[in-house]
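All remarks here apply to the structure that follows.
We did not get these values from a lab; they are worked out from the coordinates using the rules stated. Computed from a prediction, not measured in an experiment: that's the story for all the values here. All Cβ positions, glycine included, derive from the backbone under ideal geometry; neighbour counts span all protein chains shown.
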DNA sequence: TGCTTCAAAGTGTGATCTCGGTTCAGCTAA
DNA sequence: TTAGCTGAACCGAGATCACACTTTGAAGCA
């Protein structure tokens with residue numbers, strides 16, 4: 001196991017133990033955020049013992065957290081040794097996920113309009129501006145963070161917790177790929193076009209237009225993800 | 001803890017250890033099927049040690065299986081003691097789940113037409129007939145078993161594993177309620193109407209008609225579930 | 001009779017240990 | 001030089017134990 005493969009852990013550290021939450025829940029939340037943010041590369045292996053060492057706990061809570069992530073599709077077992085790794089998606093799985101996202105996030109968008117308040121709209125607008133700034137500066141970290149914030153703020157307005165958790169599950173699966181997708185030519189520009197269209201639809205409280213903008217964003221992203229899939233195979 | 005609450009376990013027994021599968025995976029699969037089939041009532045508590053005793057294993061694999069089910073929404077933590085129990089859904093969660101099902105299962109239905117083969121169609125027809133027979137005999141167990149088989153056979157024809165797993169997750173959440181829903185007046189008749197409509201659409205390879213039949217089935221079931229929700233609150 | 005108290009039983013959580021298996025570097029022998 | 005072997009290191013899986021906490025029910029008191 002080369003150290004280079006473990007760069008995902010370099011952004012993480014020992015757990016800052018908070019009361020009222022189980023260790024397992026904190027590890028799960030930490031790793032899920034890391035996966036959505038693309039800290040781990042597709043194919044990167046996650047070892048129980050090493051993870052426990054980084055987190056400063058025993059393997060027991062780590063195991064349960066990783067098992068949960070496996071159940072969510074954020075990790076997969078690999079090889080005869082049953083090592084857990086970040087899934088390497090193929091084209092058909094990507095298509096599968098894209099269509100689910102179009103259905104669920106498109107539906108959430110139509111519901112979001114009626115649940116939209118001024119304060120939330122300002123937060124969404126803020127996230128949109130920060131994305132633009134990140135795109136101008138070429139800051140992928142800042143861009144991805146605010147991209148998730150932008151979308152989740154919209155979907156949360158739908159007031160559907162179960163729907164929200166399913167959407168989050170989809171982002172967990174594509175997270176590790178997104179970081180490579182943003183390097184696609186013109187990705188920022190095309191993506192921001194959809195985001196501005198969504199903002200306009202939100203201001204006009206036009207549910208159909210918002211849904212269309214969201215669906216276009218997902219479709220464009222899926223195209224770039226497919227392209228980065230080729231790179232991934234080529235460099236593997 | 002009264003023994004009466006534990007009737008869900010009476011249908012389960014010690015694990016028949018199969019090779020090539022981890023104990024944890026077998027426990028998870030067993031309990032998920034039991035939940036989908038409605039063996040456990042909403043609010044029923046699941047204890048690690050008791051479950052381990054029934055399964056004939058230690059608590060470790062049971063713990064991971066239950067944690068996974070909690071992550072899927074099939075179980076929830078309850079009270080200060082963090083006991084796991086079968087979730088008691090409220091009306092808004094039911095609405096949330098219904099709409100997700102309409103989106104995902106409706107979408108899967110449209111895809112299923114092109115992936116349909118004669119052999120699969122015969123299996124679906126068989127499940128439909130068994131459902132009718134169970135409805136005539138008032139056999140809820142047999143009805144529910146073939147209901148899930150009927151629907152899953154259709155959705156699997158879409159050839160979308162991720163979509164399929166998300167649909168299964170939704171059934172896991174409503175499973176414990178369905179058993180009480182089938183006692184609703186005319187439930188069998190209305191449900192079988194939709195099923196026959198689906199069969200006809202399958203034979204005509206009419207995607208739109210199949211989608212409409214599935215959506216109607218889900219909507220009707222949701223109405224009966226809401227009604228059974230009232231009973232649940234009243235008897236609690 | 002009704003209330004408080006307290007101990008026993010039950011709960012999940014996390015750490016530790018053993019086990020069987022895989023992986024891989026380094027050595028031996030052809 | 002290379003094919004094959006070997007042993008150390010590492011992996012996850014599962015059992016067991018200690019611990020803190022909650023629940024519960026019966027005893028004891030007002």
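The table below lists the values:
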read-out: Taking the convex hull of Cα positions in region B:9-147, its mean projected area over all directions (nm²); value: 11.1
read-out: For chain B, built as a Gaussian network whose Cα springs stay under 10 Å, the top-fluctuating residue of B:106, B:73, B:20; value: B:20
read-out: Other protein chain Cβ atoms within 10 Å, averaged over every residue that makes up A:66-75; value: 4
read-out: Cα gyration tensor shape for the protein assembly as shown, rounded if a/c is under 1.5, else prolate or oblate; value: oblate
read-out: Relative contact order of chain A, defined on C-alpha pairs under 8 angstrom at six or more residues apart (%); value: 23
read-out: Cα-based shape type of region B:74-205, given that a ≥ b ≥ c are square roots of the gyration tensor eigenvalues and the cut on a/c is 1.5; value: oblate
read-out: Calculated FRET value between residue B:142 and residue A:133, using beta carbons and R₀ = 56 Å, to 0.05; value: 0.35
read-out: Residue A:110 versus residue B:81: modelled label distance in nm, points set 7 Å from Cα along the beta carbon direction; value: 4.5
read-out: Label-point separation, residue A:30 to residue A:230 (7 Å along Cα→Cβ), nm; value: 3.9
read-out: Rough spin-label spacing in nm, given labels placed 7 Å along Cα→Cβ, for residue B:22 and residue A:11; value: 2.6
read-out: Chain A: calculated mean residue ellipticity at 222 nm from DSSP helix runs of at least 4, using -39500 (n - 2.57); value: -23500 deg cm²/dmol
read-out: Per-residue average of Cβ from other chains inside 10 Å of A:159-167; value: 5
read-out: Label-zone membership for region B:80-104, site residue B:60, 7 angstrom Cα→C-beta point, backbone N under 20 Å; value: none
read-out: Number of partner chain Cβ atoms within 10 Å, mean per residue of B:105-118; value: 1
